[in-house]
Amino acid sequence: PELPATTLATQCYNQMFNGCSSLTTTPELPATTLANNCYAFMFAYCTSLTTAPELPATTLANSCYDSMFNGCRSLATAPELPATTLANYCCQSMFQGCTKLTTAPSILPATTLTNNCYQYMFQNCNKLTTAPELPATTLAQNCYQQMFLGCSKLTTAPELPATTLANLCYTDMFNGCSSLVTAP
């Protein structure tokens, strides 16, 4: 279906296509005003999905993209994520288990992070070779925890310019990245 809404409500599209293993394309998602859990698990385990929609929102809500494409094993390219204002758990597990994902967003432009915002984001994306730029200077609890865990083809880590750290912010960030040849 077409999903033309630009302002979303809490949990409005949550799990909408979860487990639709034959789904290969998505509707456009033009929303710029998000709400808590609005896209959470929306396309999770859509194992035939090959492309992701553009996600134009610049301000995110709690858990809005949580596990949105988790387990989408045919997805090769992640959409750009222009968000500069984050919320707790907003991108947690967003692409976790996308085993064909080779291209991440070029940059995650937010400079102030929130609790668990990028936790597990690319976990087990074992074809991902390049990480996005991470210009954040103020981190939050668990923000990058296990972000690239199991990304065994990742060869280059981004610079990590943060000057304000938080508990567990980098825990296991590059654990299992056996091809990593340069560290931040």
Quiz prompt | Amide hydrogen neighbours beyond the local backbone of ILE107, cut-off 5 Å, H modeled | solution = LEU81, GLU133
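Considering Cα pairs under 8 angstrom that are at least six residues apart, work out the relative contact order of the chain and quote it in whole percent. Display every interim value, and only then the final one.
Working: 645 pairs, mean separation 25.9, N = 184.
Reported as a whole number, the value is 14 percent.
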Quiz prompt | From the coordinates shown, Kirkwood radius over Cα pairs in Å corresponds to which of [x] 16.0; [y] 20.9; [z] 17.0 | solution = [x]
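Quick one: compute the contact order of the stretch 100-144, relative version, from alpha carbon pairs under 8 angstrom and 6+ residues apart, as a percent. Mind showing how you got there, number by number?
Numbers: 73 pairs, mean separation 25.8, N = 45.
Answer for the stretch 100-144 is 57 percent.
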Self-check item: Sum of side-chain charges, GLN146 neighbourhood, beta-carbon under 15 Å (Lys, Arg +1; Asp, Glu -1)
Solution: -2
Quiz item: If you add up the charges near LEU128, with Lys and Arg at +1 and Asp and Glu at -1, over every other residue whose beta carbon is less than 10 angstrom from its beta carbon, what do you get?
Solution: +3
Quiz prompt | Whole-Hz couplings from phi, Karplus 6.51/-1.76/1.60, listed for the stretch 76-93; x for Gly and Pro | solution = 9, 10, 8, x, 5, 10, x, 4, 10, 10, 9, 9, 4, 6, 4, 10, 4, 6
Self-check item: For ASP66, solvent-accessible area (1.4 Å; no DNA, RNA or ligand), Å²
Solution: 20 Å²
Practice problem: Could you check which residue among TYR118, TYR170, TYR45 shows the biggest mean-square fluctuation in a GNM of the chain with a 10 Å Cα cutoff? | Solution: TYR170
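Given a 1.4 angstrom probe, what's the average accessible area per residue across the stretch 112-184, in square angstrom? Please report the intermediate quantities before stating the final value.
Numbers: 3180 Å² over 73 residues.
I get 44 Å² per residue for the stretch 112-184.
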Quiz item: Excluding CYS177 itself, what net charge comes from residues whose Cβ is under 15 Å from its Cβ, given Lys and Arg +1 and Asp and Glu -1?
Solution: +1
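The values are calculated or read from the model by the stated rules, or taken from the named source; none is laboratory data. Predicted, not measured: the structure shown is a model, and the values here were computed from it. Ideal geometry is used to build each Cβ from the backbone, glycine not excepted, and the neighbour counts take in all protein chains shown. Calculation scope for accessible area: heavy atoms of the full protein, side chains included, ligands and nucleic acids excluded. Shrake-Rupley method; radii C 1.70, N 1.55, O 1.52, S 1.80 Å.
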